[in-house]
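Worksheet for the structure shown next.
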Amino acid sequence: MVKNKFILIVILALFVLPFISSLLDYYTDWLFFVETGFSSVFTTTLYAKSGVGILYGVFLFAAIMINLSIAGRSDFAYPGSFVVGGNFRINRNEIERLVKPLSLLVSMLLALFAANWGAMRWEEVLLFTNGVNVGTVDPVIGKDIGFYLFSLPFLNGLRAFISFALLISTISVAALYFVRGGITLTERGASINGRVRKHLAVLAGLFGLVVAAGFYLDCFGLLYSANGAFYGAGYADINSRLLTFRVLTFLTPIAGLMLAAGIWKGVWRLALLPTAAVAVIYAAGIQVYPGVLQKFKVAPNELALETPYIENNIRFTRFGYDLEKIETVPFDVDTRLSAADIENNDATIKNIRLWDHAPLLKTYSQLQQIRTYYRFFDVDNDRYKVNGQYTQVMLSPRELSYSDLPSKNWINERLIFTHGNGITFGPVSRISKEGLPEFFVKDIPPVSLADVKVTRPEIYFGELSNEYVVVKTKIPEFSYPTATGNINTTYSGKGGVPVDSILKKALFAAKFRTEKILLSTDITDESRIIYNRNINERVRAIAPFLRFDIDPYMVLDEKGHLKWILDAYTYSGLLPYSKPLSGGINYMRNSVKAVVDAYDGNVSFYISDPDDVLVKVYARMFPDMFKPISELSADLRTHIRYPHQFLQLQAAMYSAYHMTDPKVFYNKENLWEIPTLGEKPMEAYYTIMKLPAEKVEEYILLLPFTPSKRDNLAAWLTARCDGENYGKIRAYTFPRDRLIYGPKQIDARINQDSFISQQLTLWNQRGSEVIRGSLLVIPIEKSLLYVQPLFLAADKAGLPELKRVIVAFGDQVVMEENLELALQRLFGGKKTVSAVSATATADAKASPSSLAKEAMGIYEKAVTLQRQGNWGAYGEELRKLEQLLKRMAQ
């Protein structure tokens with residue numbers, strides 16, 4: 001009795017409880033997909049997983065049971081009563097009584113394993129059944145690329161499964177025959193009954209056919225070869241390995257039939273010789289001869305023999321990373337930039353980003369965090385029409401940080417503190433007199449200092465959101481603090497799942513492993529539970545077959561509502577000849593833009609690259625999932641931007657694959673690289689500028705290149721983001737017959753400037769931390785400006801203030817309090833650039849007498865500091881006096 005109870009408990013633990021847990025997960029997932037409007041995606045995925053899993057499981061179970069049934073119908077004269085003799089003796093009759101239940105149990109376990117294996121391959125099956133032709137064939141075998149992307153993974157998986165089923169069936173029947181006496185062990189070796197040999201012969205023949213199919217598929221696998229100096233099949237692969245695989249595809253079925261005949265007749269020489277011949281051909285044609293061919297023929301003549309295959313690698317790698325669309329434009333740089341040119345490019349100058357992400361995030365956190373339980377997780381770069389001007393801005397959402405709540409308990413974390421509140425939003429270049437950023441939107445509730453308004457500031461879905469919250473309860477939700485007390489609110493959106501029955505309460509209590517959902521009297525029939533609140537997890541739950549960018553960004557729409565935009569990528573590792581990334585991906589497109597409402601959690605997927613073959617197939621798999629980008633609201637379309645991470649990836653590939661001539665590529669004659677400053681390579685950055693030969697400024701993403709192992713500039717890559725030009729990429733190449741300073745050379749010139757280095761030393765001696773911002777390359781007309789902001793903080797945890805701006809042009813390097821003054825020093829003129837605040841501009845327009853009084857005050861303060869021995873502050877005052885005298889002299 002005790003033994004039976006123990007077995008029952010084991011079965012319950014192994015099968016029933018996991019099954020119930022899976023059902024709970026599936027049901028809550030179903031409710032989530034219904035809430036978001038993607039129930040058809042859930043059902044399609046569920047049917048695919050279930051159908052493929054059942055098919056694989058039933059096939060394996062049937063294969064094993066049919067073979068065991070055939071083996072069980074044969075009777076053999078026992079040579080003895082024991083399976084094995086000697087000291088270890090097991091009665092054959094006792095074992096045979098256990099054979100049927102044990103066989104059934106093992107078959108069921110293996111079938112469950114096969115079903116799970118098949119269910120995990122649901123995407124391969126759907127890609128296979130919905131695959132399309134690309135219209136491009138591989139240059140070796142002549143198959144359409146669609147075969148490699150959609151059919152080959154399924155066929156390889158099917159081959160592996162059938163091989164596994166035959167292997168398991170063979171082991172099972174051999175064990176059964178051994179137990180029943182069909183296979184016996186004697187002093188001369190194993191003795192196999194004739195009926196057993198015939199059964200095993202059939203299985204061996206079938207296995208030979210599967211091996212032949214494997215050799216056929218291996219022909220296609222050669223196009224992913226990494227044996228040579230480039231990725232893809234080379235001369236040795238085509239002239240040795242491909243030929244060998246084709247020969248083996250023809251010979252292996254014949255060898256399999258001879259193996260089966262030899263086993264059937266008991267003639268082991270007939271069985272083993274063909275198998276040995278296949279093994280010898282494989283070793284010689286796949287391992288030995290290609291090495292000899294490579295060493296004695298290819299290596300001495302590599303360029304001549306590998307040229308057509310290098311062309312294949314270049315062509316398909318450029319296709320894989322969408323490099324073919326990059327337009328190369330010569331950029332004949334000069335150093336004749338004038339004050340008039342600066343004035344004509346006013347919009348570019350106004351939008352040079354002075355605020356770096358990391359210092360600005362610290363500054364926002366200290367100035368605008370308001371309470372310790374709010375947190376700015378990231379700063380996003382975007383562009384808006386602000387007061388009628390096209391302006392580049394930095395925007396950061398104020399999210400709720402659950403780890404920083406003053407009192408952590410279930411009611412606070414799940415019912416009261418449910419959302420973040422508002423954004424901090426300001427220009428990229430404007431600074432106050434104190435070196436702090438200016439704001440267009442700030443504080444809680446949001447205060448707008450421009451014509452940009454936030455009407456729905458609550459953030460229920462974000463990057464820091466916790467697992468779940470329950471809204472519309474009897475307890476009011478905390479909205480924001482004020483000087484007189486807290487303001488509460490009640491959720492009025494459509495997000496979340498209604499908790500309108502005791503069954504749903506119990507369901508979610510089990511899912512989130514807390515009885516409080518079931519027992520809480522604060523949860524009513526009107527309450528809604530919001531889960532999958534983290535926007536990254538939310539979109540991945542709906543579209544697990546897409547890869548999402550690590551940097552989602554928030555957008556304020558024309559109604560004042562907050563939305564998240566996430567860039568999504570289709571990808572594959574199965575494009576022939578295309579060089580893979582470290583993770584194996586060798587095909588990638590930014591084909592989808594996902595939009596998530598920060599209040600309701602509504603999710604929409606828009607196709608931004610309709611020419612991508614993978615997104616076409618996914619749209620066939622899930623016809624109700626994707627919308628054309630034209631259906632995205634016009635105001636949100638103005639905030640679509642080319643993804644920073646994708647351009648960085650494309651640039652890494654383009655540094656070598658801009659060389660389309662096989663000879664130049666092989667010799668690496670014009671290899672580029674992304675410049676490095678310190679230990680890290682430069683990152684692409686957004687800016688607003690007027691591209692060469694264009695008439696208006698636009699929002700672009702820019703990244704410079706230098707020649708390999710050199711520091712001068714070779715080119716700059718730009719991706720356009722606005723309107724019909726979205727996604728167009730240009731590579732502006734510099735003349736190779738002259739020196740164009742690169743970022744590292746400009747950085748060295750800054751370090752060598754005596755005045756700048758002296759100032760940095762003085763600041764460091766005062767105990768301040770000097771933070772050098774990103775060095776930006778800004779093309780203007782046919783010239784290049786280099787701009788680098790300098791930040792000061794009292795210590796590592798201090799408030800970073802933008803104290804200086806360094807500008808370099810040609811051989812000149814200057815450092816001033818703001819960009820306006822730096823440009824005036826370099827180019828002259830009295831152009832007032834609105835990169836500084838109104839306070840600073842008013843100083844420039846003050847009367848001579850007031851400026852003289854201010855100069856006298858600065859001088860007296862400097863003398864006092866000199867007497868005190870405070871040399872750092874003394875140098876700072878002298879610097880202020882110098883700037884003031886320059887303004888007076890103009």
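What the table below lists for this structure:
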| read-out | value |
| --- | --- |
| Burial ranking of peptide ranges 749-762, 348-361, 524-537 (average Cβ count within 10 Å, highest at the top) | 348-361, 524-537, 749-762 |
| Relative contact order (%) - criterion: Cα under 8 Å, at least six apart; region: the range 136-208 | 20 percent |
| In nm, spacing of pseudo-spin labels at THR307 and ILE70 (7 Å Cα→C-beta vector) | 5.7 nm |
| Trypsin sites (Lys or Arg not before Pro) within the range 608-680: DSSP coil, no more than 16 neighbouring Cβ in 10 Å | LYS668 |
| Relative contact order, percent, the range 726-799 [alpha-carbon distance under 8 Å, six or more residues apart] | 22 percent |
| Cα long-axis angle, helix 39-72 against the chain (0 to 90 degrees, to the nearest 10) | 20 degrees |
| Segments 286-299, 585-598 sorted - mean Cβ within 10 Å per residue, highest first | 585-598, 286-299 |
| Burial order of peptide ranges 740-747, 55-62 (average beta-carbon count within 10 Å, highest first) | 740-747, 55-62 |
| Heavy-atom accessible area per residue - the chain, 1.4 Å, Å² | 46 Å² |
| Reachable lysines from LYS198, criterion Cα separation under 23 angstrom, eight or more residues apart if same chain | LYS100, LYS265 |
| Counted charge near ASN667, where neighbours are those whose Cβ lies closer than 13 Å (Asp, Glu -1; Lys, Arg +1) | -2 |
| Share of carbon and sulfur in the accessible heavy-atom surface of the chain [1.4 Å probe, %] | 57 percent |
| Degrees separating the helix 2-11 axis from the principal Cα axis of the chain, which is the longest one | 50 degrees |
| Mean projected area (nm²) of the alpha-carbon convex hull when the range 317-416 is viewed from all directions | 13.0 nm² |
| Contour excess over end-to-end distance, with Cα ends at ASP404 and GLU438 and 0.36 nm allotted per residue | 9.5 nm |
| Radius of gyration and Dmax over the Cα atoms of the range 495-579, both given in Å | 19.0, 63 |
| Rounded Å value of the spacing that divides the Cα centres of the range 678-697 and the range 730-789 | 15 Å |
| Cross-link reach list, lysines versus LYS744, counting only Cα pairs under 23 Å and skipping chain neighbours closer than eight places | LYS668, LYS680, LYS709, LYS782, LYS803 |
| Residues of type lysines that LYS861 reaches as a straight line, Cα spacing below 18 Å, ignoring anything fewer than 8 places off in the same chain | LYS853, LYS880 |
| Over the chain, relative contact order from alpha-carbon pairs under 8 Å, at least 6 apart, % | 11 percent |
| Difference of contour (0.36 nm per residue) and Cα-Cα distance, LEU739 to VAL288 | 157.3 nm |
| Cα-Cα over 20 Å, subset of LYS563/LYS627; LYS472/LYS494; LYS579/LYS616; LYS350/LYS690; LYS453/LYS494 | LYS579/LYS616; LYS453/LYS494 |
| Degrees separating the helix 743-752 axis from the principal Cα axis of the chain, which is the longest one | 40 degrees |
| Enclosed volume per residue, in Å³, of the convex hull spanned by Cα atoms of the range 644-712 | 118 Å³ |
| Charge sum, other residues only, whose C-beta stays under 15 Å from TYR289's C-beta, Lys/Arg counted +1 and Asp/Glu -1 | +3 |
| Net +/- balance of residues flanking GLN645 in space, Cβ distance below 10 Å, scoring K and R +1, D and E -1 | -4 |
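The values are calculated or read from the model by the stated rules, or taken from the named source; none is laboratory data. This one's a predicted model, so the numbers in the text were calculated from it and none came from an experiment. Note: ideal-geometry Cβ built from the backbone for every residue, glycine included; neighbour counts use all protein chains shown. Accessible surface is based on the protein model in full, side chains and every heavy atom, while ligands, DNA and RNA are left aside. Shrake-Rupley method; radii C 1.70, N 1.55, O 1.52, S 1.80 Å.
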